[in-house]
Amino acid sequence: MVRGMPATLVYLIRHAETVWNVERRIQGSLDAPLTERGRQQVACLVAALREVPLAALYASPLERAQETARPLAAARGLAVVPVDDLREIDQGEWEARRLDEVRAEDGERLLAWWSAPHTVRMPGGETLDEVQARARRAFDTIAARHAGEAVGVVAHGGVNKALVLGIMGAPLAAYWRIRQNNACINLIEADGPASRVLSLNDTMHLGGHAWHPPG
């Protein structure tokens with residue numbers, strides 16, 4: 001983003017609920033279909049953002065993000081643009097396994113992931129530093145492409161948290177101090193190094209309430 005250019009409003013969304021979310025199964029770079037509740041959450045997103053003039057819709061290539069993004073794009077006559085750098089953190093050998101299984105077989109590493117996530121690489125997976133670097137690269141590219149416009153970006157809990165922490169200048173050690181509910185909306189004013197988070201993990205729309213940007 002070039003300083004002096006108009007800021008970009010980025011509606012950063014986490015994908016809707018999946019079957020594996022309900023089963024407490026680790027998804028990472030793998031995929032699972034949306035639940036019926038997840039599809040209802042998508043409908044709430046479409047209704048809540050219907051008045052927002054999104055110029056483009058970007059999403060992780062993983063199907064749960066694409067399935068969340070497609071109705072938002074279709075309502076505007078847009079196509080979803082897949083961005084590989086928005087995919088969820090690769091959790092290696094933990095993927096497709098339930099949390100209780102990982103706790104039983106790799107409990108020490110799981111405890112470290114919960115207490116000091118910035119220090120952990122899952123077996124065969126990524127670190128949060130690596131995820132944050134690629135997520136910020138994608139974010140900055142999208143923002144520069146749409147200066148002065150509003151865009152939607154549908155990604156994942158881990159990616160969103162790493163990205164938001166970077167924008168706020170907060171350490172990745174604070175990863176678990178941010179929540180990203182399914183189908184939440186974060187609003188970010190993208191202005192290069194001066195980017196700011198305007199709202200975080202907003203889920204009012206999922207309770208049937210109208211969603212309005214702050215300010």
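Between the helical axis of 36-48 and the dominant principal axis of the chain, each derived from Cα atoms, what acute angle in degrees is found, rounded to the nearest 10?
30 degrees
Below 9 angstrom from the Cβ of residue 32, what's the summed charge of the other residues (Lys, Arg +1; Asp, Glu -1)?
-1
Just want to confirm a number: the relative contact order over segment 8-207, from Cα pairs under 8 angstrom separated by 6+ residues, in percent.
Once divided by the residue count of segment 8-207, the mean separation gives 32 percent.
Between (i) -0.50, -0.70, -0.81, -1.33; (ii) -0.68, -0.79, -0.85, -1.14; (iii) -0.67, -0.86, -0.96, -1.29, which entry matches log10 I(q)/I(0) by the Debye sum over Cα atoms at q = 0.11, 0.13, 0.14, 0.18 Å⁻¹ as derived from the coordinates of this structure?
So the calculated entry is the one marked (i).
Please list, ordered by chain and number, the residues whose modelled amide H lies under 5 Å from the amide H of residue 54; skip anything fewer than 5 residues away on the same chain.
The answer is none.
Which one, 80, 194, 164, is farthest towards the positive end of the dipole of the chain when Lys and Arg carry +1 and Asp and Glu -1 on their Cβ?
Working it through, the farthest residue towards the positive pole turns out to be 194.
In whole angstrom, note down how far apart the Cα centers of segment 111-166 and segment 44-105 are.
About 13 Å separates the Cα centre of segment 111-166 from the one of segment 44-105.
Every number here is computed from the coordinates shown, using simple stated rules; none is lab data. Predicted model only: the values in this text are computed from it and were never measured. For neighbour counting, all protein chains shown are included, and Cβ atoms are generated from backbone atoms with ideal geometry for every residue, glycine included.
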